[in-house]
Amino acid sequence: MQLLVLSIAVLAWAAFRRFRPLGGALLAVAIVAKIFPGILALDLLLRRRWRDAASTAAFGLVFCGAIYAVVGPAPFRAFVEFELPRLSSGEAFARPFSRAFAVAHNMSPFGIAVKLEKLGVPGMSLASGRVIATIYGLVLLALAIWVARRGVAHALAAAGATSEISVWLALLSLGTLASPFAPASYVLASVVWLVAIDREDFSIPFAGIVWIATSAPFLLPREGDFLVRTLAYAPAQLVALTVPIYVLWRAGRRAFPPTAVSSSDTSRA
């Protein structure tokens with residue numbers, strides 16, 4: 001499901017460039033199916049792409065209205081009152097958190113606290129994970145706002161489609177890590193995809209290193225020493241966090257290159 005939603009979100013980016021209503025419909029499907037693509041709707045608002053944001057919101061209301069007409073209010077009430085609080089607190093993932101293998105390959109910042117708790121570090125618990133996840137969410141929000149306010153929409157239009165889709169994928173990659181449980185078996189796909197297509201920021205050898213770091217841990221048996229498994233997945237978790245952040249930082253830096261600023265100042269003078 002994660003890979004399907006990721007693909008739909010990328011198709012939405014392509015559709016926005018050709019036919020706005022289709023892009024809005026696809027992005028709405030992705031957001032309704034999995035919450036994390038909502039970071040892209042926020043990006044549309046921050047970049048003042050009002051029509052794209054409006055079409056996404058309109059289709060989201062249409063889809064939710066159709067679902068409401070078929071199944072009624074009970075699933076909506078259950079999601080808001082029961083499931084959503086349990087998702088944010090980590091309680092919904094009690095079963096995977098009880099398995100050492102699942103904890104070791106959790107790429108989420110929330111999962112850092114769960115790993116440390118299993119390793120016997122004092123003070124680590126689900127409550128600690130919520131604090132880490134909250135800080136991560138605030139940092140992600142601040143990063144998205146910073147990139148948008150740097151005029152990225154104009155800079156990306158000049159840089160071309162590859163730079164634009166790289167930012168799109170970077171936001172998706174960071175958004176999916178906001179969940180308390182983000183298994184390496186599928187959340188790393190967007191990072192590998194990002195490195196593979198972004199030839200401006202990443203060389204082919206670096207892409208190979210990322211592929212090894214994100215795939216080699218899966219060669220380990222499912223049962224084994226927890227510390228070994230955690231250390232084996234640590235490079236993958238580092239890649240999952242740093243690569244998208246670097247792409248967004250580069251995009252923000254690219255928005256106002258020093259030459260453009262200096263020429264503007266010169267013309268005023």
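Only the coordinates and a few stated rules stand behind these numbers; no lab work does. Small disclaimer: the values here were computed from a predicted structure and weren't measured.
One chain, two ends: Leu220 and Tyr68. Fully extended at 0.36 nm per residue, the span grows by 50.2 nm beyond their Cα-Cα distance. Normalising the average separation of contacting C-alpha pairs (under 8 angstrom, six or more residues apart) by the number of residues puts the relative contact order of region 8-151 at 18 percent. Length gained on full extension, Val139 to Tyr246: 37.2 nm, using 0.36 nm per residue less the C-alpha separation. Global size of the chain: 20.0, 69 Å for Rg and Dmax (C-alpha atoms, Rg to one decimal, Dmax whole). Rounded to the nearest 500, the helix-only mean residue ellipticity at 222 nm of the chain stands at -24000 deg cm²/dmol, with each DSSP H run of n ≥ 4 adding -39,500 (n - 2.57).
Scanning the chain for DSSP H helices at least 24 Å long along the axis (C-alpha atoms) with a Kyte-Doolittle mean no lower than 0.5 picks out 2-18, 50-71, 126-149, 226-255.
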